[in-house]
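The structure appears right after this line, and notes come after that.
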Amino acid sequence: MSVAAPARTGRAAALGAGLLVLGAALLALGAAIGSTGIESLAAVRQDPVAWQIVRDIRLPRSVGAWIAGALLGLAGAVAQGLFRNPLADPYLLGSGSGASLGVALALLVAGRSPAAALAGDWWVQLGITGAAFVGAVGAVLLTLVLARGAQHTLRLLLGGVIVGVVLGAAKDVATLAAPDMLQSMQGFTLGSTAFLGWQAVALMAAVLAGCLAAARWLAPVLDGLALGEATAASLGLALPWLRAALVAVLALATGTAVAHAGLVAFVGLAAPHLVRPLVRVRHGALLGLSALMGATLLLAADLLARGLIAPQELPVGVLTALLGGGYLLWLMHRRNAEAAR
């Protein structure tokens, strides 16, 4: 073991602990933020109605935003490692559009709005999550078929764009078939954590735990792929089956996040990018740290969306798109400046 390895491990542990502490602070802040601003939780405990609002609305919303961000951060790290492309995000292969189409079709069949479905019984939420997963997997497989595999990055990107546009249009057609659901579905598609309750949080947490365990088990595959296709094959890795397992993890994490929080942009792309300059670790640690970073990013964005124009709210997906787009523009400018030196 090199001398630098313990130092990297220590930095990774410190970053993980820092993100957990920051996440806990943001959760407490999320529970205290109401329509009138920041409230004292100690004072709220004295009012049964106010405490019920905190317990049944603010807390599940904040915890759900944290978990949805963790799912997107994990999916982004898996996508970037699987396709060896630092610009890959959970929606690269059309999985976001496929998941939203699955949600729209499930809601159309059930005859419910997103708010009613996510506040309903657990089996309804499980059905919506399953539909989102099937849609995400179908979109990824269709993109891989169009691109003839994952070897050619340009073909893969073009295939993902085509599949995303087509499935997005199909989702719009499905939504137009139920005009009374159009407005609520549009708000959901823009990204919102306002519909989250404790049942949704429990389901998302179970999926996150399963995806983290599977991704950690498959992390050596991503390490092997980082060395090149031929090197990974020479290590004895059964790449076709292991790639399929990674695609399943990517689709399940993305589909679950989209099913409960809508299309939230840039969190999955930005989370691994923010982790890599801070610590250089293998994928086993990178996946967990990216999940924690994504959780922190989405929860912070949700708090901003709730407070910027209070008592009204911005769709959190719109806010993450603005902030994430600005971050990417700054990143491109910095890299161009470094290349010009």
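The values are calculated or read from the model by the stated rules, or taken from the named source; none is laboratory data. In this text the structure is predicted, and so the values were computed from the model without any measurement. Note that each Cβ is placed from the backbone with ideal geometry, even for glycine, and that neighbours are counted across all protein chains shown. In case anyone asks, the SASA skips ligands and DNA or RNA and just uses the protein heavy atoms, side chains included. Shrake-Rupley method; radii C 1.70, N 1.55, O 1.52, S 1.80 Å.
Measuring nothing but how far apart in sequence close Cα pairs (under 8 Å, 6+ apart) lie, relative to its length, segment 195-341 scores a relative contact order of 24 percent.
Reported to the nearest whole Å, the Cα centre-to-centre distance from segment 283-341 to segment 186-213 is 19. Ranking Ser192, Ser62 from most to least accessible surface, computed with a 1.4 Å probe over the protein chains only, gives Ser192, Ser62. Relative to the current alpha-carbon distance between Val161 and Arg334, full extension at 0.36 nm per residue lengthens the span by 59.6 nm.
Our estimate of slack between Ile38 and Gln52, defined as 0.36 nm per intervening residue step minus the Cα-Cα distance, is 3.4 nm.
Here the peptides 210-220, 88-98 are ranked by packing, the mean other Cβ count within 10 Å, and the order with the highest first is 88-98, 210-220.
Pairs of Cα atoms nearer than 8 Å and 6+ residues apart set the relative contact order; for segment 245-310 it is 30 percent.
Counting protein heavy atoms only, segment 244-341 has 66 percent of its accessible area on carbon and sulfur, 1.4 angstrom probe. Taking all protein chains as shown and a probe of 1.4 angstrom, Phe195 keeps an accessible surface of around 50 Å².
Full extension of the chain between Tyr327 and Ala24 gives 106.6 nm of extra length, using 0.36 nm per residue less the Cα-Cα distance. Any idea of the accessible area per residue across segment 254-341, 1.4 Å probe, to the nearest Å²? Accessible surface, normalised per residue, equals 45 Å².
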